[in-house]
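**Student:** Take this structure first; my questions come after.
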Amino acid sequence: MESALDYHTAKALLEWQVEFGVTETISDTPINRFEVKPEPKKAPAAAVAEAAAPVQRPAVDGVELARGAAAGSGDIAALKAALAAFEACDLKRGARNLVFSDGVVGSRVMIIGDAPERDEDREGRPFVGDAGVLLDKMLGAIDLDRSKDVYLTMALPWRLPRNQEPKPDDLAMMLPFLERHITLAKPEFVVLMGNIACQAVLKKRGISRLRGEWAEAMGVPVLPMYAPSYLLENPEKKREAWADLLDLKARLRG
């Protein structure tokens with residue numbers, strides 16, 4: 001049966017309904033306009049806050065990790081391996097090489113420097129370059145030889161970024177390794193060359209005030225001295241360094 005409305009009439013009626021706000025047409029399924037629909041359940045505020053909050057991961061205690069790694073090292077080789085595998089210290093990420101030791105394990109004298117500089121970082125050995133040459137001359141002046149009579153290491157095994165001052169956290173994290181290093185090396189005397197070495201072992205700074213004054217730390221007599229790198233920049237201090245070397249020589253003979 002044909003519709004009684006032609007196209008133009010139907011179009012005019014539809015436009016009239018739209019103009020009066022009609023938004024829906026008759027559907028096949030009846031709609032109950034008086035039905036009350038339940039509101040969706042809301043999650044508890046605590047659950048929402050918990051879901052939105054970032055996941056809290058347990059903080060890593062680098063000092064405790066260092067203590068465990070150092071204590072588990074039965075000899076010098078194991079200590080070096082433990083330090084090389086230690087990932088909690090940020091200094092490692094910016095350094096080229098681990099600077100662990102040089103010289104002879106078991107020597108009567110153990111020298112602890114501050115931290116690796118460019119030459120040490122490149123070669124992976126403490127006291128190299130111009131500072132190393134000067135140190136060898138200083139040792140030779142009191143009849144000591146790096147290759148026979150002295151064992152050398154650093155308070156920090158990785159180079160500081162742009163040679164900045166060390167952070168207290170870095171010193172605290174490396175201290176268990178340094179303490180274990182001294183215990184395993186068993187020196188009779190320890191020479192602390194520089195402010196950082198004194199800060200690590202003696203918990204003091206001010207090398208101009210500390211140098212030449214014997215102290216006791218970690219069960220060993222220790223002697224603070226100027227670092228060779230400092231003497232290269234301040235040659236007028238070599239006279240004081242020579243006096244400290246003579247004092248060390250007297251201790252070794254005594």
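**Student:** Kindly indicate whether A77 is modelled with pLDDT of 90 or more, surrounded by 10 or more Cβ atoms within 10 Å (Cβ to Cβ), of a type outside the set (F, W, Y) and in contact with a Cys (Cβ under 9 Å, 6 or more places away or on another chain).
**Tutor:** Against the criterion (modelled with pLDDT of 90 or more, surrounded by 10 or more Cβ atoms within 10 Å (Cβ to Cβ), of a type outside the set (F, W, Y) and in contact with a Cys (Cβ under 9 Å, 6 or more places away or on another chain)), A77 does not qualify.
**Student:** Provide a single number: the residues in the stretch 219-242 that are in contact with a Phe, Trp or Tyr (Cβ under 6 Å, 6 or more places away or on another chain) and over 18 Å from R209 (Cβ atoms).
**Tutor:** Summing the residues that are in contact with a Phe, Trp or Tyr (Cβ under 6 Å, 6 or more places away or on another chain) and over 18 Å from R209 (Cβ atoms) in the stretch 219-242 gives 1.
**Student:** Anything in the stretch 87-99 that is in contact (Cβ under 8 Å) with a residue 24 or more places away in the chain and either part of a helix (DSSP H, G or I) or out of contact with any Pro (no Cβ under 6 Å at 6 or more places or on another chain) (or both)? List them, or say none.
**Tutor:** Selection gives A88, C89, D90, L91, K92, G94, A95, R96, N97.
**Student:** Name the residue that is surrounded by the fewest Cβ atoms within 10 Å (Cβ to Cβ), counting only residues in the stretch 119-162 that are free of Cβ contacts under 8 Å to residues at least 24 places away in the same chain and of a type outside the set (A, V, I, L, M, F, W, C).
**Tutor:** The extreme case among them is R162.
**Student:** Restrict the check to the stretch 99-107 and report whether at least one residue is of a type in the set (A, V, I, L, M, F, W, C), more than 17 Å from the chain's Cα centre (by Cα) and farther than 19 Å from P166 by Cα.
**Tutor:** Yes, that holds for at least one residue.
**Student:** If we keep just the residues of the stretch 186-225 that are under 26 Å from the mean Cα position of the chain (by Cα), touching a residue at least 24 places away in the same chain (Cβ under 8 Å) and not in a helix (DSSP H, G or I), which is nearest to R108 (Cα to Cα)?
**Tutor:** Looking at the filtered set, the residue picked out is V190.
**Student:** Right, P116: assigned to a loop (DSSP other than H, G, I, E, B) and either on the phi > 0 side of the Ramachandran plot or surrounded by 16 or more Cβ atoms within 10 Å (Cβ to Cβ) (or both) or not?
**Tutor:** Taking the combined requirement at face value, the residue satisfies it.
**Student:** Among the residues of the stretch 142-171 satisfying the criterion of being under 17 Å from R108 (Cβ atoms) and of a type outside the set (D, E, K, R), which is modelled with the lowest pLDDT?
**Tutor:** Taking the candidates together, the pick is S147.
The values are calculated or read from the model by the stated rules, or taken from the named source; none is laboratory data. It should be emphasised that the depicted structure is a prediction, and the values quoted were computed from it without experimental measurement. Glycine also receives a Cβ, built like all others from the backbone with ideal geometry; neighbour counts cover every protein chain displayed.
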